Amino acid sequence: MSASLTITSAVTDPGLLDLPWHEPLDVWPDDAIATLPKGISRHLVRFVHLSDYVVAIKETTEEMARREYDVLRTLQRMDIPCVEPVAVITGRLDEKGEPLMPVLVTRHLRFSLPYRALYSQTLRTDTATRLVDALAVLLVRLHIAGFFWGDVSLSNTLFRRDAGSFAAYLVDAETGQLYSGGLSNGQRENDLEIARVNIAGELLDLEAGGRLDESIDAIETSNGIIESYRTLWKELTGWESFDKTERWRINQRVERLNDLGFDIEELAITTDGASTQVRIQPKVVDAGHHTRRLLRLTGIDAGENQARRLLNDLDAYTASTYPGRKVDDEVVAHEWLARVFEPVVRAIPRDLRGKLEAPEVFHQLLEHRWYLSQNDSRAIPLAEALSSYIDTVLRHRRDEATVIAPVTETISMPALDTAAIPLSDDDVVDGSWRDKV
């Protein structure tokens, strides 16, 4: 290792010293490289094993590496969905003493995929629309925080499954700029136009390669980000007027915003002394209302839609187990976690746990059980649904945690906690909370 090597890192990981920094990134040995799907990038990017996790290493200039590292750290402190910066490496020299390009090291986002890896024959044709909608939500969050992206695209975004939808994470921030005073309308519109043009080009590229469903119009889909963005932006920041007698509409506005996953810091309410009109405008601080509630109650770190689904299941369990009674939220959440969620997670064979995150598995299990009940016209016990889900769905999914590869061996499912989950139709009592999820 060259004596001039400089590592700037907020993560104390001695494993950084063991990587072959004296070699050009494109010739690093195979035993250091992780096989993961990559998006399109203007820079050379490689996934590398570091200690017990995977990092993405990108060759760039020293100025851009340090700038992007600082931007990503700032966005993380603001709780904006983005990749985690690990280090900036400068002063690299090869064995002949020739300089090598500096690199930015970021932590790979587990269970995430670039948009090109999400296009296959197994996905529904509305995948493009859902990806664009997820990107619109991310863009709104960035703009509320005062961040101008400057290079909005599907390629600069990673997507994680989130209870039937997708959650978008910013990957490339080298063109971004954070403004403490917020963004002007012109800056927001500029980002939107960049997004529209880039997404159209990316989808047309897929179309030219025969990887886009014939029913998807690339231009129309790319235009969809404008509509999705403006609808969400208006809901989050727009003024709303109503009569003073309709005060219930204030709570209704707050509930709509919570349903979208956003928390409210304060409401600006103005009244017109000459009339009976009231105008309100919420001040939205961040998304993650359901995620934070689930994390507080159970310790489960999930996506927003996943958290909403799990909280609905928790609420149904509470209503059925303690009908008409007031119970402590944290006590019943702990009970639900121990009797329902954790037994399901423990029942997943170890070699299949890299397929999906536990909250996504639980959500998909509830969906699978509902479809089984519809097909069989009977209440399906959760254990039966879990066995079917593992054998017919989960076992055949590609691994979204690390390496994308097929499963090649069969593993028996461990026994379930029969005290927590009914094992036969006779065990499912009428009105059980499990029949309502």
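The values are calculated or read from the model by the stated rules, or taken from the named source; none is laboratory data. Source: prediction; values computed, not measured. Note: ideal-geometry Cβ built from the backbone for every residue, glycine included; neighbour counts use all protein chains shown. The accessibility values were calculated without ligands, DNA or RNA, using every heavy atom of the protein model including side chains. Shrake-Rupley method; radii C 1.70, N 1.55, O 1.52, S 1.80 Å.
Can you name the number of the only condition in (1) in a loop (DSSP other than H, G, I, E, B); (2) at pLDDT below 90; (3) surrounded by fewer than 19 Cβ atoms within 10 Å (Cβ to Cβ); (4) not charged (D, E, K, R) that Gly39 fails?
(3)
Using beta carbons and a limit of 6 Å, which pairs, at least six apart or on different chains, have the first residue in segment 288-308 and closer than 16 Å to Pro81 by Cα and open to solvent by less than 50 Å² (accessible area, probe 1.4 Å) and the second one among the hydroxyl-bearing types (Ser, Thr, Tyr) and modelled with pLDDT under 80?
Hits for this filter: Asn305/Ser165.
Picking from Val278, Val285, which residue would you name as being at pLDDT below 80, open to solvent by less than 20 Å² (accessible area, probe 1.4 Å) and either within 28 Å of Leu232 (Cβ to Cβ) or not β-branched (Val, Ile, Thr) (or both)?
On the way: Val285 fails: open to solvent by less than 20 Å² (accessible area, probe 1.4 Å).
Selected residue: Val278, the only one of Val278, Val285 that is at pLDDT below 80, open to solvent by less than 20 Å² (accessible area, probe 1.4 Å) and either within 28 Å of Leu232 (Cβ to Cβ) or not β-branched (Val, Ile, Thr) (or both).
Please tell me if Pro20 is farther than 24 Å from Leu135 by Cβ and either without any contact (Cβ under 8 Å) to a residue 24 or more places away in the chain or among the hydrophobic types (A, V, I, L, M, F, W, C) (or both).
Numbers: farther than 24 Å from Leu135 by Cβ: yes; either without any contact (Cβ under 8 Å) to a residue 24 or more places away in the chain or among the hydrophobic types (A, V, I, L, M, F, W, C) (or both): yes.
When the stated conditions are applied, Pro20 passes them.
Glu189 is checked against (1) open to solvent by 50 Å² or more (accessible area, probe 1.4 Å); (2) part of a loop (DSSP other than H, G, I, E, B); (3) not hydrophobic (A, V, I, L, M, F, W, C) and fails just one. What number does that condition carry?
Single failed check for Glu189: (2).
Within the bounds of segment 222-235, is there any residue that is at pLDDT 80 or above and either over 30 Å from Leu206 (Cα atoms) or exposed (fewer than 12 other Cβ atoms within 10 Å of the Cβ) (or both)? Spell out how you get there, then give the answer.
Filtering segment 222-235 down to residues at pLDDT 80 or above leaves 222-235.
Narrowing further to those that are either over 30 Å from Leu206 (Cα atoms) or exposed (fewer than 12 other Cβ atoms within 10 Å of the Cβ) (or both): 234-235.
Yes, because at least one residue in segment 222-235 is at pLDDT 80 or above and either over 30 Å from Leu206 (Cα atoms) or exposed (fewer than 12 other Cβ atoms within 10 Å of the Cβ) (or both).
Among (1) open to solvent by less than 40 Å² (accessible area, probe 1.4 Å); (2) of a type outside the set (Lys, Arg); (3) farther than 16 Å from Glu384 by Cα, which single condition is Pro343 missing?
With respect to (1) open to solvent by less than 40 Å² (accessible area, probe 1.4 Å); (2) of a type outside the set (Lys, Arg); (3) farther than 16 Å from Glu384 by Cα, Pro343 is out only on (3).
I need every pair where a residue in segment 331-348 that is in contact (Cβ under 8 Å) with a residue 24 or more places away in the chain and part of a helix (DSSP H, G or I) has its Cβ under 7 Å from the Cβ of a residue that is open to solvent by 10 Å² or more (accessible area, probe 1.4 Å) and among the β-branched types (Val, Ile, Thr), sequence separation at least 6 or different chains.
Ala333/Thr298; Leu337/Thr298
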